[in-house]
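Note sheet for the following structure.
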């Protein structure tokens, strides 16, 4: 019997969204030792994402400056905006470099950790498992190489783009 305010969760075998959500959270939990690197990468990604709106605003300001009649005012404000464009360039260079470096470090360490865990689990399997055709040493090496890289691209690259 259940309480009158309880609810049931319907989950069918064809619905993989629940398992995908759990797998993504597991991957993020595996990444907790690099929380500092992730934080730096996220802040840099936000800075890198802010470059385009800042650039658009400055271009609009630059166009409006040329409709003024005072030539010295046009010259001084366009000089100021050129320095702002130079600052935006520096912000973009620094934030993009930090973003890609941080998420690359995070992804590579996650890949290493994932390969180590997968290898550790495989070494505990029974000997008969290794005798099967789909579990040859070449297949295991290929699995360790490809699946760990998929994890890196799933977490590191996707997270970088989402934050940006």
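The values are calculated or read from the model by the stated rules, or taken from the named source; none is laboratory data. Small disclaimer: the values here were computed from a predicted structure and weren't measured. Glycine gets a Cβ as well: all are built from the backbone with ideal geometry, and neighbour counts include every protein chain shown.
Values as computed for the structure displayed
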{"item": "Checking residue 35 against (1) at pLDDT 85 or above; (2) over 26 Å from residue 81 (Cβ atoms); (3) surrounded by 13 or more Cβ atoms within 10 Å (Cβ to Cβ), the condition it does not meet", "result": "(3)"}
{"item": "Single match in 146, 80, 89 (criterion: within 21 Å of residue 159 (Cβ to Cβ), free of Cβ contacts under 8 Å to residues at least 12 places away in the same chain, part of a helix (DSSP H, G or I) and out of contact with any helix residue (DSSP H, G or I) (no Cβ under 8 Å at 6 or more places or on another chain))", "result": "146"}
{"item": "Selected residue (criterion: nearest to the chain's Cα centre (by Cα)) from residues of segment 38-67 that are part of a loop (DSSP other than H, G, I, E, B) and surrounded by fewer than 12 Cβ atoms within 10 Å (Cβ to Cβ)", "result": "66"}
